[in-house]
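The next block holds one structure in the form of structure tokens; read it before the comments.
Just so it is clear, none of the values below were taken in a lab; they were calculated from the coordinates. Everything quoted here is computed from the prediction, not taken from an experiment. A quick note on method: Cβ atoms are made from the backbone with ideal geometry, for glycine too, and the neighbour counts reach across all protein chains shown.
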Amino acid sequence: MVELSERQKLILTLVVHEYTRTAQPVGSHHLVDHYKLDMSSATIRNEMAALTELGLLRQPHTSAGRVPSEEGYRYFVGRLIRNSELPANTRRTISHQFYQSPQDIEQWLRLAASVLAHQSRAASLVTAPHSELARFKHLELIATRGRQVLLVMVMMGGEIHQELLTLQEPVTQDSLSIAANHITLLCQGLGVDALSALEDQLNPLEKDVLTVIKRAMARSDTMVAGEVYLDGLSNVLIEPEFSGSEDARRALRVLEERSLLDNLLSRTIMTSAIGGVQVLIGGEGTWQELSQCSMVLARYGMPGLATGTLGVLGPMRMPYGQTISTVRFVAGLLSDLVSETLSG
């Protein structure tokens, strides 16, 4: 990155803040009047011109003020933004919401998506905790009607797989419970590769059930992330820069289409440390759908057991300081809650 003078850093910061607030190009007279700067409009215009030459600002129209460019936002996020915490009352409010909700991971994930969308006024996503290697934890077999049985499998890390099976002949609930307990006893803590060696210890019904379990666990091993929870999609659609364009809808496709989201997560935040925050600006030249947007992402969970991703998507003109602080705080809170549940 280029080196800026302290005055240039100040002007770039103020342009970012003002454009974030108003969505209108920022002029030199406005900066002088609004911030009571101890410099003339002509001096600010010259510095704005220099920042434009460096590619950090751009001028939408000849007579208009300046707006930040993609590189300007990157410089601001990488060099000028300060690591700050959310206000104490905001942290208390968010924490209270989580600790007052039911002790259920799914409820926490939905709440996290809601809190992120509300605090950032952007679209949010939260993926359920997911293990890099699926390991079996517990099985329930529940008789429904006739030959149909509901299989409920819980994996280490909290992932749940449910599937309706049709057996060759009706089986009593007592027999199903015995089979489920036997499989749980033999398979607990094992990965899919170790399950095949247990088939000699199973009766025909248990072998059929094990086949379903192995198929579900193998499918889980190929997944990048768990179930996705979204909120606040309408927040993006109403932003002024997206009025009358398809840019916002193209960006939201990244959240809504699983293959696009998996590609994004696997190439970005999935290699980061727990609690690490990553900012993607303008698709970083890789994801054309995000060319007019930014994303702030973080990982949460327990390393070696189960991790997930959370974050927000909004216009490039987003309040990065507040958004990064919110994402980091919710990621830490969710890590604590999930870790307490899984370790318990």
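If one takes the longest principal axis of the Cα atoms in the chain, at what angle in degrees, from 0 to 90 and to the nearest 10, does the Cα axis of helix 204-221 lie? Taking the Cα atoms of the chain, the angle to 204-221 is about 10 degrees. Here is how the number arises for the chain: DSSP H runs of 4 or more residues each give -39500 (n - 2.57), the sum is divided by the residue count, and the result at 222 nm is -14500 deg cm²/dmol. The convex hull of the Cα atoms of the stretch 1-136, projected and averaged over all directions, covers 12.4 nm². Scaling against 2.2 N^0.38 Å puts the C-alpha radius of gyration of the stretch 6-80 at 0.97. Computed on the chain, the Cα convex hull volume stands at 156 Å³ per residue. For the stretch 148-165, putting each phi into the Karplus relation 6.51 cos²θ - 1.76 cosθ + 1.60 with θ = phi - 60° gives couplings of 8, 9, 8, 9, 10, 10, 10, 9, 4, x, x, 5, 10, 10, 10, 8, 8, 9 Hz, in residue order, rounded to whole numbers and with x for Gly and Pro. With each label modelled as a point 7 angstrom along the Cα→C-beta vector, the Thr52-Asn263 pair spans 3.6 nm. The gain in end-to-end length when the Glu140 to Leu237 segment is fully stretched comes to 30.6 nm, 0.36 nm per residue minus the alpha carbon separation. Cα convex hull, the stretch 136-221: 80 Å³ per residue, rounded to a whole number.
Coupling constants for the stretch 305-318 follow from the phi torsions by the Karplus curve (6.51 cos²θ - 1.76 cosθ + 1.60, θ = phi - 60°), and in residue order they are 10, 7, 9, x, 10, 9, x, 9, 10, x, x, 4, 7, 10 Hz; glycine and proline get x. Short-range pairs are left out: with C-alpha atoms under 8 Å and at least six residues apart, the relative contact order of the stretch 223-324 is 23 percent.
Summarising the amide proton neighbourhood of Asp231: residues at separation of 5 or more, or on other chains, whose placed amide H is nearer than 5 Å comprise Ser124.
Determine the relative contact order of the stretch 152-266: mean sequence separation of Cα pairs under 8 Å and six or more apart, normalised by residue count, in whole percent.
On the way: 43 pairs, mean separation 20.0, N = 115.
With pairs under 8 Å counted, the relative contact order is 17 percent.
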